[in-house]
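Below: the structure, in structure tokens.
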Amino acid sequence: MRIKILIALLTLLSIFGTKAQEKKWTLRECVAYALENNITIKQSELDIESASIDKLTALGNFIPSMSANGTLSSNTGANINPVTNAFETATFTSFTTGVNVGLTLFDGLRNLRQLQRAKLNKLLSQYNLGKSKDDISLFIANSYLQVLLNKESLKVIEKQHDITLEQLQRTKDLVDAGVLPQGDLLEIEATSADELTRIVQAENAVQISLISLAQTLLIKDYESFDIAKQEYLVPSAEILEKPVDVVMTEAREARYEVQIAEQNKLLAEKDLQLARGGYYPTLNAFFGYNTRWADNDFFSRGFTEQLYENDGFSYGLQLNVPLLNGFTTRANVKRSKVSTRRAEFQLEQAQLDLDSNVYQAYLDARGAAEAYEASLVSVKAQERAYEYAKDRYDVGLTNAFDFSQSKFRLENAQSQEVQNKFDYIFKLKVLELFFGIKIADIKL
């Protein structure tokens, strides 16, 4: 019975292990996994958490500070009795306690500016997280499409090799029948050997690109990693029908580069306001309560009675006016002005870079679309040329070398079509990302 149970468990484990190895990753799953596990994104999330803590600290500046204190001491020899305030040469125990409250009434509006800055910084952290997600998503998409390209290229070579094998058998029969010379058979055999070499190279390219994608996703079991097998059609290019100015306008609102630069400019302006707050006086309110007890009080009161009779209050306002601090405030203001100007230039540069990148992506997508259309035409032309060369070769009107060249040109055209197809898909996705369409929302 135990042996049967053990065999059943091993069978189940084998089934589950096989299913785990058969996992095929889609682009959406790869992007989702990367967004959840990427270290850069996790660090950006920690930046948001840190910004939230800074905001909590800034809010705390508006709340009164409060502290309580208490001291219990035993005194021997000549000491001041805390109750009578007289010197006594005796051993006695005393206890003092109190509560102090402080509140900042005015500090040059720095508390308010600090809270505003904390809010801006948290929003900046959110923008940085969004940009990190976009960058990682685009990088994953590029790696994923590279795997697809290598797999499609491999299929092209394997398909051509199947045709070569068929032609090799047909040529052998014709040579044996004396219709074709032995040289034609050798030419086809050389072509077949060359294709086998390129098949091995293409298989290696597929495996290397899969390992690269798995390592990017931080998947350790990259040897069994593979992507989903499905047909990837060229998506519609509605975005290319829009004027480039419309795409640029949308990109300015959707892209994080300009938003990050704008937030940095606002932060620099807020830092300037904080620095100028050093010119203003500060006004603080305070309140204190204290009481005391000693075990040799000449009134011979009890503990509670002494605390009640010896308590006292203190309260008031404290005004600090800055007169001279070694030009520290002035230097901080000037330094903040420089930072503000730098942030303004960075914002202007970010806007220029975004417009340039959008325009370049727009032209790249258009060029890739035209190249893909041209490659489709080229494949059709090469297919007709190949069929014509094949018909001539079958009846002995052309030699094996010319036929192999026609077949080689067809294979090159098909490989170029595959390359242009995925190049067009990727460049179109880059443009759509500028337009605000996330990689995770893209359907290939």
When region 280-294 is examined, which residues are found to be touching a strand residue (DSSP E or B) at 6+ places or on another chain (Cβ under 7 Å) and either free of Cβ contacts under 8 Å to residues at least 60 places away in the same chain or assigned to a loop (DSSP other than H, G, I, E, B) (or both)?
-> PRO281
Any hit, region 262-276, residues being farther than 26 Å from ALA34 by Cβ and in a strand (DSSP E or B) = no
Confirm whether GLN349 is at pLDDT 90 or above, not aromatic (Phe, Trp, Tyr) and not in a loop (DSSP other than H, G, I, E, B).
-> yes
Looking only at region 264-279, decide whether some residue is of a type in the set (A, V, I, L, M, F, W, C) and without any contact (Cβ under 8 Å) to a residue 60 or more places away in the chain.
-> no
Please indicate, with yes or no, whether at least one residue in region 248-261 is closer than 30 Å to GLY367 by Cβ and either without any contact (Cβ under 8 Å) to a residue 24 or more places away in the chain or touching a Cys at 6+ places or on another chain (Cβ under 8 Å) (or both).
-> yes
With criteria (1) surrounded by 22 or more Cβ atoms within 10 Å (Cβ to Cβ); (2) under 22 Å from the mean Cα position of the chain (by Cα), LEU410 comes up short on (2)
How many residues does region 24-50 hold that are within 13 Å of PHE225 (Cβ to Cβ) and surrounded by 14 or more Cβ atoms within 10 Å (Cβ to Cβ)?
-> 4
Please specify each residue of region 271-292 satisfying the condition of being open to solvent by 20 Å² or more (accessible area, probe 1.4 Å) and either small (Gly, Ala, Ser) or under 27 Å from the mean Cα position of the chain (by Cα) (or both).
-> ALA285
Candidate set: region 51-99, residues that are open to solvent by 90 Å² or more (accessible area, probe 1.4 Å) and at pLDDT 90 or above; chosen: the one farthest from LEU317 (Cα to Cα) | ILE53
Can you tell me which residues in region 214-270 are over 24 Å from LYS151 (Cα atoms), buried (at least 20 other Cβ atoms within 10 Å of the Cβ) and small (Gly, Ala, Ser)?
-> ALA251, ALA261, ALA268
Any idea which of LEU444, LEU397 is within 30 Å of PRO181 (Cβ to Cβ), at pLDDT below 90, open to solvent by 40 Å² or more (accessible area, probe 1.4 Å) and hydrophobic (A, V, I, L, M, F, W, C)?
-> LEU397
Within region 145-186, of all residues that are farther than 22 Å from GLU203 by Cα and surrounded by 20 or more Cβ atoms within 10 Å (Cβ to Cβ), the one modelled with the lowest pLDDT is LEU180
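The values are calculated or read from the model by the stated rules, or taken from the named source; none is laboratory data. Predicted model only: the values in this text are computed from it and were never measured. We place every Cβ from the backbone using ideal geometry, glycine too, and count neighbours over all the protein chains shown. For the accessible areas, the whole protein counts, side chains as well, though only heavy atoms, and no ligand, DNA or RNA atoms are used. Shrake-Rupley method; radii C 1.70, N 1.55, O 1.52, S 1.80 Å.
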